[in-house]
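The values are calculated or read from the model by the stated rules, or taken from the named source; none is laboratory data. For clarity, every value in this text was computed on a predicted model and none was experimentally measured. Every residue, glycine as well, gets a Cβ built from its backbone with ideal geometry; the counts of neighbours run over all protein chains shown. Calculation scope for accessible area: heavy atoms of the full protein, side chains included, ligands and nucleic acids excluded. Shrake-Rupley method; radii C 1.70, N 1.55, O 1.52, S 1.80 Å.
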Amino acid sequence: MTIKRTPFQKILQTLNEAQQIPIDLLPLLPKGWKRVGRVGVLELKTPLLPWKREIGEAYLQHLPELKTMALKVGVTNTTVRQPALELLAGEEKTVTLHKELECKFWIDALKLTFSNGNHAERQRMVKLSKKKEQVIDMFACVGNLSIPIAVHNPTAQIIGIEINPYAHQFLEKNIQENQLTDRYQALLGDNRKITPTNWANRVIMGYFTIDKQQLTKALASLQQQQGGTIHAHGLTTTRHMHDWKKEITTLINTSFPHFKIIQTQKTIIKSVAPGVNHFVNDITITTTNETKA
Ligand SMILES: C[S@@+](CC[C@H](N)C(=O)[O-])C[C@H]1O[C@@H](n2cnc3c(N)ncnc32)[C@H](O)[C@@H]1O
């Protein structure tokens, strides 16, 4: 009986036989990798970096679903969230079609973010979505969190806002590709300026450094006679267990007295570094009986 080897076992054998990498470093090779469409992303420990190209080639050789292998070289930290990736091996064309949850996402995997670690959150958004709801995705990127809602809920209407023209271009393409043109509108610009008011039942804020102006816009974008739910993302550490309830409560008290928070829930989405988690607060808001806008 022949035992089927895993891709990782084949990669290990190829690199072992090539005798380029010191044998004692082979145990440092990553057993996992990320994938966006046909682009794979590896994280390599520092001692392996002198052989990064050979490693990239070996992984590509045994992962036929991939055409390009990239290396994570830093953290994603600009406003437009450009990932810090470097091309290691394979095709230079990094515009790719990623399929997930029956949705099609065209994306340039080297220049825009699409986190595999947010898969469960994409699923959760679909599950939470209600009939005929109106959703604003204030940090839409290529539709990462909101295209699945539109695909799985044919009664939902969505407005996605994106500041980066390159990401907005893919968002437009994805709306067409998933046949959502009648229900999903993509706006290009700063959500501090162009978020519609008094329209949404649900607002998605998939960004780590949300500011007060953006939280105010989110509250103003909710249907003022009904309220709705804001999904505010952020980073939390064991020392600083931040959540958005306090800031939103302050804004409600000062500028939206007709609103009150009726429920909050915090979900940890993924670990981004030791002791640092990406979380989302679901903040459900309704109107008080006294003054309605
Ligand atoms: C990290 S991506 C998140 C994508 C998606 N929401 C998710 O969680 O998977 C954040 C996106 O928000 C966009 N962005 C940042 N500041 C913005 C602003 N002020 N107005 C609109 N979009 C903004 C960035 O360009 C980027 O595409």
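Remarks
- Sorting Lys4, Lys245 by solvent-accessible area of protein heavy atoms yields Lys4, Lys245, largest first, with a 1.4 Å probe.
- To the nearest ten degrees, helix 245-255 and the longest principal axis of the Cα atoms of the chain are 30 degrees apart.
- On the beta carbon distance between Asn253 and Thr181, with R0 = 35 Å, the FRET formula returns roughly 0.30.
- Label point of Arg5 set 7 angstrom out along Cα-Cβ; within region 28-59, amide nitrogens under 14 Å from it belong to 58-59.
- Between Gln61, Leu87, Leu49, the Cα set farthest toward the positive side of the dipole of region 7-93 (charges on each charged residue's Cβ, about the Cα centre) is that of Leu87.
- The Val272 and Gln61 beta-carbon pair, evaluated with R₀ = 35 Å, returns a calculated FRET efficiency of approximately 0.70.
- Shape class for region 156-291: oblate, because the ratio a/c of the largest to smallest gyration tensor axis (alpha-carbon atoms, square roots of eigenvalues) is 1.5 or more and b/c is at least a/b.
- Every Cα-Cα pair of the chain was included, and the share exceeding 31 Å stands at 36 percent.
- Against the main long axis of the alpha-carbon atoms of the chain, helix 212-221 sits at an angle near 60°.
- Here the relative contact order of region 1-97, from alpha carbon pairs under 8 Å that lie six or more residues apart, stands at 26 percent.
- The chain, relative contact order in percent, only Cα pairs under 8 angstrom and at least six apart counted: 11
- Anisotropy class of region 177-220 from Cα gyration tensor, a/c 1.5 cut: prolate
- Temperature 37 °C, viscosity 0.692 mPa s: under these conditions the Stokes-Einstein estimate for region 7-93, based on its Kirkwood radius over C-alpha pairs, is 246 µm² per second.
- With a Cα cut-off of under 19 Å and a minimum spacing of 8 residues unless on different chains, the lysine pairs in region 7-93 number 18.
- The simple spin-label model puts a point 7 Å past each Cα toward its Cβ; for Phe208 and Asp24 those points are separated by 3.5 nm.
- Spatially near lysine pairs across region 208-293, Cα under 17 Å, sequence gap of 8 or more or different chains: 10
- Modelled this way, with points 7 Å down the Cα-to-C-beta line, the labels at Lys246 and Thr286 are 2.7 nm from one another.
- At R0 = 51 Å, FRET efficiency that the Cβ-Cβ distance of Asn16 and Arg239 yields, to 0.05: 0.75
- The chain: angle of helix 52-62 to the longest principal axis, Cα-based, in degrees nearest 10: 90
- Inter-part distance where region 32-67 and region 215-293 are each reduced to a Cα centre, Å: 39
- Carbon/sulfur fraction of accessible area - region 7-93, other protein chains in place, 1.4 Å, %: 51
- Solvent exposure, largest accessible area first (probe 1.4 Å, DNA, RNA and ligands not counted), of Trp199, Trp244: Trp199, Trp244
- Residues in the chain average 51 Å² of solvent-accessible surface per residue, probe 1.4 Å, ligands and nucleic acids excluded.
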